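FYI, it's all coordinate maths here, none of it is from the lab. For clarity, every value in this text was computed on a predicted model and none was experimentally measured. Cβ placement follows ideal geometry from the backbone for every residue including glycine, while neighbour counts extend to all protein chains displayed.
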Amino acid sequence: MALDRAESLVSALVTGRDLGLQSCALCRLTVRASAASARCPRCGARLHVRKPHSIATTASLVISAALLYLPANLLPVMHTHQLFFDEDDTIMSGVMTLASSGSWPLAVLVFFASIVVPMLKLVLLGEILYAVHRGRVRHARQRSRLFRIVEFVGRWSMLDVFALSLLTTLVQVAPLAEIEPRPGALAFAAVVVLTMLAAQSFDERLLWDSAAHG
Amino acid sequence: MSALIICHACDLVHRLDAVSGPARIRCARCRAEILRTTEASIDTPIAWAMSALVLFIIANAYPLVAMKVSGFTRLTTLLGAALGLYDQGYESVAGLVFFTTFLVPLAQLGVLLWVLIAIKLGQPRAEPIASLRLLEPLRPWGMVEVFLLGALVALTRLSTLATIVPGIGLIAYGSFMLMLSSLVTTTPREQLWRWIAQSRS
């Protein structure tokens, strides 16, 4: 829309840090970067030139989530008890059940939201952290685009948790059928929460601070 | 008059002429949205917020869905879905469901309504503004639309073994989602804080 009005100083690549200015993390007011523990004059939020301890926090969250990714996918998340059979479901077998009941679009959706997205998120965050740690980030633009997609899509992984909450609440018609949660659900929910926190604690500007070229 | 705007995502400095009317401006280097303004007056988001509040109350007062299977009928409400996990000993997952589908959406709505009305009435005091500050990091944790898709997945899985009847609660919750997202799009961050700064000066 009004894109043309944003006259950037791209050719010179002037950053806020160069000018001693920063964008308030909360209300995005341009403020003078000053001593620690300063507060934004408009919204009163604490000001930081970069999010404090971003790399260490993100790295520990990514590692914890990666460890939990295995039990989240290998352990059963729910147990179905019906008159003549008992069944444990993992995340993946839930996808298969959806597919075999003919709801292909939903099955594909859940497969992406619950299995592919958390894995992509872990790989991408790990890889970005490694590149920033080495101090040389190639393809910063593509990486930041990927990071944003993954950050945006991440919350959709919760849909399996919500489906489980409805299934376990509704299907309590003993002796006909009962559905109960199983420990895999704990690990799975933890993976989603930890990866969301990891994306939130990562400061995207670090990607650009050590970009190999523009 | 021109102003310097710094991209929150890559720290690049932009010089920007005064923006009038609705605009959406992206960072020239990393394409992050650095400024969005709307033409809507403050009455528009207040109207969205009020209708969202009514729908949220209806969504919680009526059952989301009913399941019928050989003579048995089971109903659940929104809070009932979190409670079901709690009763089975999964308190932390139940808490997460309660937090993301009830607490955060309600807080988001309540705080925005409080702040907007305070601006409308003149001098907003410190409390609504402090609560708006607390709300900001919670933004990604409101998951109304994700819950609705999760409900679709659950009901599809059940439809092979039972009859599923969607309730008034589900329809109200779906409409609540639409109202809440209209509220969020009519209160862009920059504009909200500008309204606050204007009404304080």
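Miscellaneous remarks
- Ordering A:Leu170, A:Leu19 by the number of other Cβ atoms within 10 Å of each residue's own Cβ, fewest first, gives A:Leu19, A:Leu170.
- Each Lys and Arg Cβ is given +1 and each Asp and Glu Cβ -1; about its Cα centre, the protein assembly as shown then shows a dipole of about 1740 debye.
- Cα-derived Rg over Rh, computed across chain A with Rh taken as Kirkwood radius: 1.11
- When both bridge partners sit in the protein assembly as shown, DSSP labels roughly 95% of those beta bridges antiparallel.
- Partner shielding of B:79-86 amounts to 5, given as the average count of beta-carbon atoms from other chains within 10 Å of each residue beta-carbon.
- All Cα pairs of chain B, percent lying beyond 31 Å: 33
- Cα-based reach from A:Lys121 at 23 Å (exclusive), listing lysines while leaving out same-chain residues under 8 positions away: A:Lys51
- The HN-Hα couplings worked out from phi for segment A:61-78 by the Karplus form 6.51 cos²θ - 1.76 cosθ + 1.60 (θ = phi - 60°) are 5, 5, 5, 4, 5, 5, 5, 7, 4, 5, x, 4, 9, 8, 7, x, 9, 8 Hz, whole numbers, x standing for Gly and Pro.
- Cα gyration tensor shape for segment B:65-170, rounded if a/c is under 1.5, else prolate or oblate: prolate
- Projected over all directions and averaged, the alpha-carbon convex hull of the protein assembly as shown occupies 21.4 nm².
- Neighbour-count ranking [beta-carbon atoms within 10 angstrom, fewest first] of A:Arg138, B:Arg157: A:Arg138, B:Arg157
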